[in-house]
1. Order the peptides 89-95, 48-54 from the highest to the lowest mean number of other Cβ atoms within 10 Å of their residues.
2. In the range 29-53, which residues have a backbone nitrogen under 15 Å from the label point lying 7 Å from residue 76's Cα in the Cα-to-Cβ direction?
3. Using amide H atoms built 1.01 Å from N in the peptide plane, name the residues 5+ places from residue 52, or on other chains, whose amide H lies under 5 Å from its own.
Amino acid sequence: MLPPDHGGPGHFPGFPHSCAAPDPATVDPAVLGALLHRHGWLRRGGAAGRYGRWTPPGHAGTSVLVPENRAFPDCADLLEEALTALSRSTLPSAREVLYGLSVPSDEIRWEREVPPGAYGLEGEAAWTVQEQLRSAARQLLLAGALAARARAGYYGTRHR
């Protein structure tokens, strides 16, 4: 007999007893693919840029088809089928993926605040700002290349 807090096959401590499939409309296909990869699933084919077929390690017969983005009309159907298959699976990794989709992420998200006036009307950087960014990137790459060649406190025109 199982203890009262045991969730049956595929259950492990700290996770809810039932991981219902989240709403496919709220799931980002890229996040689902990243979670599958993080939990050991392997991408086994699929049309590049359209979808990927993911299989858990050691379970060659099981697979889910996950779209790479929402650009195609069957994206919602494929997501719904993948989430339903994951929710019916007894694999712990499938439950972990569903749990990862259902809870807020603990990952750090970076946002860039842009001061008004730094960008033009269409959100593109002004010409001078673009040139400053390109120049800084060039200098950084050049310093890295020179540092790989020989160590020095200041590189100036050395090794050019």
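1. 89-95, 48-54
2. 29
3. Placed amide hydrogens put 66, 68 under 5 Å from residue 52.
Every number in this text was worked out from the coordinates using simple rules, so none of it is lab data. Since this is a predicted model, take the numbers as computed values, not measurements. Cβ sites come from the backbone with ideal geometry, for glycine too, and all protein chains shown count toward neighbours.
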